[in-house]
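What follows is a single structure, written as structure tokens, with notes after it.
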Amino acid sequence: MNAIVVENLSKQYTLPKRSKGGGMGTKKTQNTQGNVQAVDSIGFKVKKGEIFGFLGPNGAGKTTTIRMMTGVLKPTAGKIKIFGLDAWKNQIAVKQVIGNVPEMANTYLSFSGWQNLMFIGELYGVSKEERIKRAENLLKRFDLYEKRDVKTKKYSKGMQQRLLLCMALMSNPKILFLDEPTSGLDVQSAKIIKQIIREYNERGVTIFLTTHDMEVANELCHRIAIINHGKIISLDTPDNIKRLIQEHQAIDIYFTNGVKRQDIEKLPTVKEVQEIKNGFRVIIENIHDSICELVEFIKESNATIKNLNTHEPKLEEAFLKIIERGSKNE
Amino acid sequence: MSEEMIPLEKTRTSTFTTQMKRSFIIAKKDLKIYYNKPPVLIQGIFFPIILFIAMTVGRNVQPLYLISGLMAMTIFLTSTSIGPIVFPWESMRRTFERLITCPISIKTILLGSVWSSFIYGILFSLIPLILGMIFLSMELTISLAIVILGIIMAGFAFACFGLILSVPSTDTPGNTMIFTILIKFPLIFISPLFMAISSSPLAFISPLTYFIDIVNVGLGDISVFGSFGILLDAGILLAFGFGFLYLSFALHGKTLEKRFRG
């Protein structure tokens, strides 16, 4: 069952005259008429109950995509369906079932945390009794209840972000759009937000999140799409994306007695050997074959292993590699 | 893979009454947040006082024109003080994107701004009326109802006019202030403030004129437009109001995206 279906989605901006000829600070595709192709025919499906990560460097088109999905921007071409409804043509109905935390958003600073929640609840048509109940529960869950009557201009960035998430959850949304939800937050706030994302996902809420934090993406997302220059260049599970850069698989091995680097390099499954403190980093192709081969080699060399760690490629390395490959192919 | 549909009853949230109700929620928020913001105080309270002093001190102004002129200037400046700053202020404070992703249309947000400006304008225009009655011994010789009708019509027309002033897609309220002053002041200077309507040649193109005429009638004078003058005044103010509203819906629809570029 799909919560979100995106088909051939594009967004082109006409730059104001003063901006034509560059100076955007991004690598968005700019045509001869001075138009910027922020999103270029992308397509994907997000399953109901999935946490879907949307990654990409600055200016890649992440925020533009999320803004089209939440009804802020009108797509130049293509379609977005949220639970089967066209997101642009049925904006109000779609907005009623989604929650949104835009990037760098703020709460109303002249309002207290409580007033912010009441205002948003009222806009979503939540009854007064239900608003009070939900606001109390959310503020307690997000560790903000004690500060509920304090104006939010006195909140820290982490508290603001937690309150924004509370505001997004006031309407019991079916889909939650989070644009950089943990960016620039303290450890405690980031941890609470990650816990809540998991918790609400377990309750069946579909989560669509953009992030720069690869740890967050790796920990939370069931699937990840990587976007660069307005195009999706990879879409898979975090594990599969990491496997795309097999050359980064490595074994860190430490011996008690002298083993020469050249001897390890001669092994057929070994691609490269790097010296690290008190040992070697062996770059390999296949972890199973290489470990068997190394064990055999050690037995034959009468060496003793002090420590051995497999060095899995990190999502961050995979991300950088995919972006680099994508840029070379263009 | 099959797709779950949003239940049909959810689409009812787009109905007129729901959106109207939500526009009042927006208005309540605007009034709470913006009534004491510096641009609103400057344009809504300080400017009427300063202009009143500048335009009346040392001149022999009839008490009737003093009251109608002050009321016109106050309701015009206060009703157009909140509308133009809501959009740039919300863009600057980064609350606008959150607001626009709520189940409301841009028209609902604009209507909310109209209601808040309308209420703000009406409240402040009552002050010169009350002061005039107390200090200048003015009596409502004909009808308070006529004056109130004028206040309501003018409040609506000017609140809608304020929306047009908020069209430029800036996130700096100061820029909007400069723009609004450039538009509002010439309109004030061509209006027959503190004088007879017939003595101002360009008066008829200003919506303020029709409000002044209603107040003058309410305070015992006769309409410059003849026996059905106040009906004509009310009709023209309503036409101005709906015209401004229609124009602002169209212009904001076009400039909205510019607030989210980049």
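How many residues does the range B:14-66 hold that are under 28 Å from B:Thr172 (Cα atoms) and of a type in the set (Gly, Ala, Ser)?
Qualifying residue count, the range B:14-66: 3.
What is the number of the single condition among (1) within 9 Å of another protein chain (Cβ to nearest Cβ); (2) open to solvent by 30 Å² or more (accessible area, probe 1.4 Å); (3) at pLDDT 90 or above that B:Arg22 does not meet?
Result: B:Arg22 fails condition (2) only.
Could you please find all residues in the range A:100-140 being surrounded by fewer than 17 Cβ atoms within 10 Å (Cβ to Cβ) and away from every other protein chain (no Cβ under 14 Å)?
A:Glu129, A:Glu130, A:Ile132, A:Lys133, A:Glu136, A:Asn137, A:Lys140
State all residues of the range B:219-244 that are in contact (Cβ under 8 Å) with a residue 40 or more places away in the chain and within 15 Å of B:Ile152 (Cβ to Cβ); if no residue qualifies, say none.
B:Ile230, B:Asp233, B:Ala234, B:Leu237, B:Leu238, B:Phe240, B:Gly241, B:Phe242
Is at least one residue of the range B:225-236 of a type in the set (S, T, N, Q) and modelled with pLDDT of 90 or more?
Looking for residues that are of a type in the set (S, T, N, Q) and modelled with pLDDT of 90 or more, one finds none in the range B:225-236, hence no.
Which of the following residues is free of Cβ contacts under 8 Å to residues at least 40 places away in the same chain and among the aliphatic types (A, V, I, L, M): B:Met195, B:Met153, B:Met133?
One residue alone meets the criteria, B:Met133.
Restricting attention to the range B:107-139, which residues are within 13 Å of chain A (Cβ to nearest Cβ) and either surrounded by fewer than 16 Cβ atoms within 10 Å (Cβ to Cβ) or more than 22 Å from B:Pro39 (Cβ to Cβ) (or both)?
Selection gives B:Lys107, B:Thr108.
Quick one: what pairs do we get from the range B:168-180, first residue on the phi > 0 side of the Ramachandran plot, second open to solvent by 60 Å² or more (accessible area, probe 1.4 Å) and part of a helix (DSSP H, G or I), C-beta under 8 Å, 6+ apart or different chains?
Filtered contacts from the range B:168-180: no entries.
Out of the range A:45-79, which residues are in a strand (DSSP E or B), open to solvent by less than 10 Å² (accessible area, probe 1.4 Å) and more than 12 Å from every other protein chain (Cβ to nearest Cβ)?
A:Ile51, A:Phe52, A:Gly53, A:Phe54, A:Leu55
Within the range A:81-90, does at least one residue satisfy the condition of being farther than 26 Å from A:Thr211 by Cβ, at the interface with chain B (Cβ under 7 Å from one of its Cβ atoms) and open to solvent by 40 Å² or more (accessible area, probe 1.4 Å)?
Yes, that holds for at least one residue.
Evaluate the following for B:Gln43: is it at pLDDT below 85, more than 30 Å from A:Gly84 (Cβ to Cβ) and open to solvent by 60 Å² or more (accessible area, probe 1.4 Å)?
No: the conditions fail for B:Gln43.
Starting from the range A:270-292, take each residue that is touching a residue at least 24 places away in the same chain (Cβ under 8 Å) and open to solvent by 70 Å² or more (accessible area, probe 1.4 Å) and list its partners that are of a type outside the set (A, V, I, L, M) and assigned to a strand (DSSP E or B), counting only C-beta distances under 7 angstrom and pairs at least six apart or across chains.
A:Asn278/A:Tyr254; A:Glu285/A:Lys271
Would you point out which residue out of B:Gly226, B:Gly218 is away from chain A (no Cβ under 14 Å) and at positive phi?
From the options B:Gly226, B:Gly218, the qualifying one is B:Gly226.
Can you name every residue in the range A:186-206 that is at pLDDT below 90 and open to solvent by 30 Å² or more (accessible area, probe 1.4 Å)?
A:Asp186, A:Val187, A:Gln188, A:Lys191
Which condition breaks for B:Asn216 when tested against (1) open to solvent by 50 Å² or more (accessible area, probe 1.4 Å); (2) at pLDDT below 90; (3) in a helix (DSSP H, G or I)?
It is condition (1) that B:Asn216 fails.
Among the residues of the range A:104-131, how many are closer than 17 Å to A:Ser156 by Cβ and part of a loop (DSSP other than H, G, I, E, B)?
Adding up the residues that qualify gives 7.
Can you work out which of the residues in the range B:166-208 that are within 17 Å of the chain's Cα centre (by Cα) and under 18 Å from B:Thr56 (Cα atoms) is most open to solvent (accessible area, probe 1.4 Å)?
B:Pro186
Residues of the range B:184-221 being touching a Ser or Thr at 6+ places or on another chain (Cβ under 9 Å) and within 27 Å of B:Val167 (Cα to Cα), which ones?
B:Lys184, B:Leu187, B:Ile188, B:Ile190, B:Ser191, B:Leu202, B:Ala203, B:Ser206, B:Pro207, B:Leu208, B:Thr209, B:Phe211
The values are calculated or read from the model by the stated rules, or taken from the named source; none is laboratory data. Everything numeric here is computed off the predicted structure, so don't read it as measured data. Cβ atoms come from the backbone with ideal geometry, glycine included; neighbour counts cover every protein chain shown. Calculation scope for accessible area: heavy atoms of the full protein, side chains included, ligands and nucleic acids excluded. Shrake-Rupley method; radii C 1.70, N 1.55, O 1.52, S 1.80 Å.
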